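The values are calculated or read from the model by the stated rules, or taken from the named source; none is laboratory data. Just so it is clear, the model here is predicted, and its values are computed rather than measured. All Cβ positions, glycine included, derive from the backbone under ideal geometry; neighbour counts span all protein chains shown.
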Amino acid sequence: MDAGKKEKVLLILSGLIIGSGVLTVSLAQGSIDPIVCGIVAGLWSVFFLVHVFLRFASHDGDPILLPLASVLTGMGLTVLLRLSPDLFFLQALWLVVGLTGFVVTVFLFQKPGRFADYKYILGGVGLVLLLSAILFGVEIGGHRSWLILGPVRFQPSEFAKLFIILFLAAYLSERREVLAFATRRYGPLLLPRLRFIAPLMAVWALTMLMLVVQRDLGSALLYFGITVIMTYMASGRFTYIAFGAFLFLFGSVLCYYLYSHVQVRVDIWLDPWKDPTGRAYQIVQSLFALGSGGILGSGLTYGFPKTIPEVHTDFIFAAIGEELGFIGSAAVMIIYLLFVYRAFRIALKAEQPFSALVAAGLAVFLALQVFLIVGGVTKFFPLTGITLPFISYGGSSLVANFVLLGMLYAISEVKPKP
């Protein structure tokens, strides 16, 4: 079966899965809403239109990526319909915007290598987006990471991550030989000259600034984790992992003793039962939800996920765990694993070092984001306040993730030379 037919079959299967989920929620709520059914049918028609258009335009990208994204977004829409129909309609609108961004990105990223020539411009745009939230952002939900432009509010950090990954891929692919052969010793660590690891130090300073000013632990961890792991992938030296871990631990411990909001996150992670009805209420309710779900879950609309504050964004995985159980949660994690696997597979087959690092960086970004949010919901890790890719409610996150998908799709089209 060729790539086009494979993609078509998988899209049909994903449509059947999500269609049955939406019908289940509608019937459990009393009646089938024709508007909701029309929106779901229209959205999957858009997915098919995107598939047909790209194949007709002779784009031959990875046939697994778009179906995986359709299953995840469909699952997110199903859970949002169960939690809040108003958010369902808004998310459906953002999904159309995201698919448009996906198609545009596929066309713009047909020759990935040309972006490497503008690495400092890309890095500058990413820096401006981050600083715009730090300087002009407003605080919503405890994080000062939102910009409001008229009726629209968005998180610039969601798009800044993509620019930072492009900058790092270009810089590291150009300096990989220098980074691989260290010449200076700093205590027990053997590292290159300071000017070559300056971007690593700059990102460390930026993450500490985000942690202090924006109170955004999740984004700080994402940015620094991506930087350190991409540096390791480019150089092959474990020293950078150790150096980066030391820097972040040092900064985090310092912030813990200096800033109360960091202390709260760590304290409720270590022992949420000290204040189960106050500061630790979210995580306690999340643990109860996951525990009550069991193996098969309570069934869609038969649980009580609305007792968790902000369940549609930070804690949507807990809602899935309660109503779909361990089976549903495991299915979500398997889909993410397939997504990350395909991204690394694309990186290994890439023709240029820059393209390989971009694909690998996007894979690391996706994996880290899923690890941080699922780890926070299950109390494996302190709460970070980031969204679950493609599933959580949020226009900025959804559009940025479809742009990420378009970049991976475009890179997968580039065939290696014999």
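Tabulated data
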item: Of all residues in region 284-298 being small (G, A, S) and surrounded by 14 or more Cβ atoms within 10 Å (Cβ to Cβ), the one that is farthest from T24 (Cα to Cα); result: S286
item: Residue within region 129-149 that is at pLDDT 65 or above, among the polar types (S, T, N, Q) and touching a Gly at 6+ places or on another chain (Cβ under 8 Å) present; result: yes
item: G4 part of a helix (DSSP H, G or I), in contact with a helix residue (DSSP H, G or I) (Cβ under 7 Å, 6 or more places away or on another chain), surrounded by 12 or more Cβ atoms within 10 Å (Cβ to Cβ) and modelled with pLDDT under 80; result: yes
item: Given (1) within 21 Å of V22 (Cα to Cα); (2) among the β-branched types (V, I, T); (3) free of Cβ contacts under 8 Å to residues at least 60 places away in the same chain, number of the condition V332 does not satisfy; result: (3)
item: Leading residue by the ranking (farthest from E174 (Cα to Cα)) among those in region 215-242 that are more than 21 Å from the chain's Cα centre (by Cα) and crowded, with 21+ Cβ neighbours inside 10 Å; result: Y240
item: Selected residue (only one of R114, R55 is in contact with a Gly (Cβ under 6 Å, 6 or more places away or on another chain) and farther than 24 Å from G395 by Cα); result: R55
item: All helices (runs of 4 or more DSSP H) inside region 217-312 with 1 or more residues being among the small types (G, A, S) and modelled with pLDDT under 80; result: 217-235, 239-258, 260-270
item: Out of G361, G376, G385, sole residue that is in contact with a helix residue (DSSP H, G or I) (Cβ under 7 Å, 6 or more places away or on another chain), in contact (Cβ under 8 Å) with a residue 12 or more places away in the chain and not in a loop (DSSP other than H, G, I, E, B); result: G361
item: Residue list for region 29-55, filter: more than 30 Å from I411 (Cβ to Cβ) and surrounded by 11 or more Cβ atoms within 10 Å (Cβ to Cβ); result: Q29, I32, D33, V36, C37, I39, V40, A41
item: Among (1) in contact with a His (Cβ under 7 Å, 6 or more places away or on another chain); (2) closer than 23 Å to V104 by Cβ, the one test that G385 misses; result: (2)
item: The lone exception for S58 - which of (1) outside any helix (DSSP H, G or I); (2) surrounded by 15 or more Cβ atoms within 10 Å (Cβ to Cβ); (3) of a type in the set (G, A, S) it fails; result: (2)
item: Number of positions in region 243-283 that are crowded, with 16+ Cβ neighbours inside 10 Å, within 15 Å of P382 (Cα to Cα) and among the small types (G, A, S); result: 2
item: Residues within region 259-302 that are of a type in the set (A, V, I, L, M, F, W, C) and free of Cβ contacts under 8 Å to residues at least 24 places away in the same chain, tallied; result: 6
item: Conditions (1) free of Cβ contacts under 8 Å to residues at least 40 places away in the same chain; (2) at positive phi; number of the one not met by F390; result: (1)
item: Pair list, Cβ < 7 Å and 6+ apart or interchain, from region 113-134 residues that are over 19 Å from P353 (Cα atoms) and β-branched (V, I, T) to residues that are at pLDDT below 85 and surrounded by fewer than 20 Cβ atoms within 10 Å (Cβ to Cβ); result: I134/L209; I134/V213
item: Test: residue in region 322-329 that is among the aromatic types (F, W, Y), in a helix (DSSP H, G or I), touching a Gly at 6+ places or on another chain (Cβ under 9 Å) and modelled with pLDDT of 85 or more; result: yes
item: Cβ pairs under 6 Å, 6+ apart, first in region 335-358 and surrounded by fewer than 20 Cβ atoms within 10 Å (Cβ to Cβ), second at pLDDT 90 or above and not in a helix (DSSP H, G or I); result: R342/I64
